[in-house]
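Novice: Got a structure for you, questions after.
The values are calculated or read from the model by the stated rules, or taken from the named source; none is laboratory data. On a predicted model such as this, the values are computed, not experimentally measured, just so you know. Note that we place each Cβ from the backbone using ideal geometry, even for glycine, and neighbour counts take in every protein chain shown. Quick note on the areas: whole protein, heavy atoms, side chains included, nothing else; ligands and nucleic acids left out. Shrake-Rupley method; radii C 1.70, N 1.55, O 1.52, S 1.80 Å.
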Amino acid sequence: MSYEAYANWKGWDAAEFGQFNRGEDVFYNTEVKAYLPSALSGSTVIEIGFGNGSFLGWGRKNGLTVIGIEIQPVLRERAEQSGFPVIDDLRLLEPLSVDIVAAFDVFEHIPYDSLQEMCRQAARVLKPGGYLIARFPNGDSPFALPVQNGDPTHVNAIGAGFIGELMRSTGFELRELRAPTETPLHLRARLVLPIKKLMRSAVRAYVRFAFLGATTPSTFHLNYMMIARKPSEIDAGNGKSPPGARVTALRA
């Protein structure tokens, strides 16, 4: 499948470009804002593969300088018409000029060699201590197969070993690889979520005991959330990894 009709297939309405719903607002506040400088105004964020622009819209509302990269002409046109700057490639950016590079549901679309180069370029443009943040289908989970196989443009199944080597080979410290944070928005969801987490823990314990032992994935969630950090100048100078450079405790 080419990307020619991808926006139509995904149901992305041009009239809704740059809009974000309550759930997306909570997701971006939880998964992105914590890694930005405390003074949001003036922080620069790049989004690779911006789709219908929900994150671009969220970034602009929060006072960020947001720049998009997208291969689909129809989506690039929508972004430009909405006043968002769009570039072709990270190589067009100055070194050490960006606070965060974000890629939501993008890594799985990119062949490994190209993905390596993209991550190397992200490391080049990020400021010391800046973050690469990504979400992608959990290649270690059998429950993620409908997500992974439901899009004919997916070319990678990305598990923990895959992403660990990708980050190591492109100059990043892998800080977290975990399930996306779940924030219940309604009373029913708040009541159900603890039960879901208990059941997931039971499934993980069963798989560890019956099949995989210590190699059992930390989560069987549909998606992985990855937080990787470019080492700071201080880190490079003392030759030591900063606290938290190892993958943190992962959430189910």
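Novice: Taking Leu185 and the conditions (1) over 27 Å from Tyr6 (Cα atoms); (2) crowded, with 16+ Cβ neighbours inside 10 Å; (3) hydrophobic (A, V, I, L, M, F, W, C), which numbered condition does it fall short on, given that it satisfies the others?
Specialist: (2)
Novice: Still on this structure, I have one more. Return the residue satisfying two criteria in turn: it lies in segment 149-177 and is in contact with a Gly (Cβ under 7 Å, 6 or more places away or on another chain) and not hydrophobic (A, V, I, L, M, F, W, C), and of such residues it is surrounded by the fewest Cβ atoms within 10 Å (Cβ to Cβ). First the steps, then the outcome.
Specialist: First, pick out the residues of segment 149-177 that are in contact with a Gly (Cβ under 7 Å, 6 or more places away or on another chain): 157-159, 162, 174-175.
Those still in the list that are not hydrophobic (A, V, I, L, M, F, W, C) too: 159, 175.
Values: Gly159: 17, Arg175: 20.
Once the filter is applied, the top-ranked residue is Gly159.
Novice: So the check is Cβ under 9 Å with 6+ separation or different chains; which pairs have a first residue in segment 25-38 that's farther than 17 Å from Arg178 by Cβ and a second one that's outside any loop (DSSP other than H, G, I, E, B) and open to solvent by 50 Å² or more (accessible area, probe 1.4 Å)?
Specialist: Close Cβ pairs (under 9 Å, with a partner that is outside any loop (DSSP other than H, G, I, E, B) and open to solvent by 50 Å² or more (accessible area, probe 1.4 Å)) amount to Asp25/Lys61.
Novice: If you go through segment 64-72 one residue at a time, do you hit one that is without any contact (Cβ under 8 Å) to a residue 24 or more places away in the chain, surrounded by fewer than 18 Cβ atoms within 10 Å (Cβ to Cβ) and among the acidic types (Asp, Glu)?
Specialist: Scanning segment 64-72 turns up no residue that is without any contact (Cβ under 8 Å) to a residue 24 or more places away in the chain, surrounded by fewer than 18 Cβ atoms within 10 Å (Cβ to Cβ) and among the acidic types (Asp, Glu).
Novice: Suppose we filter segment 82-99 for residues that are touching a helix residue (DSSP H, G or I) at 6+ places or on another chain (Cβ under 6 Å) and either among the aliphatic types (A, V, I, L, M) or in contact (Cβ under 8 Å) with a residue 60 or more places away in the chain (or both); how many remain?
Specialist: So the answer is 5.
Novice: Still on this structure: Could you say which residue among Gly42, Gly83, Gly51 is modelled with pLDDT under 95 and assigned to a loop (DSSP other than H, G, I, E, B)?
Specialist: Gly42
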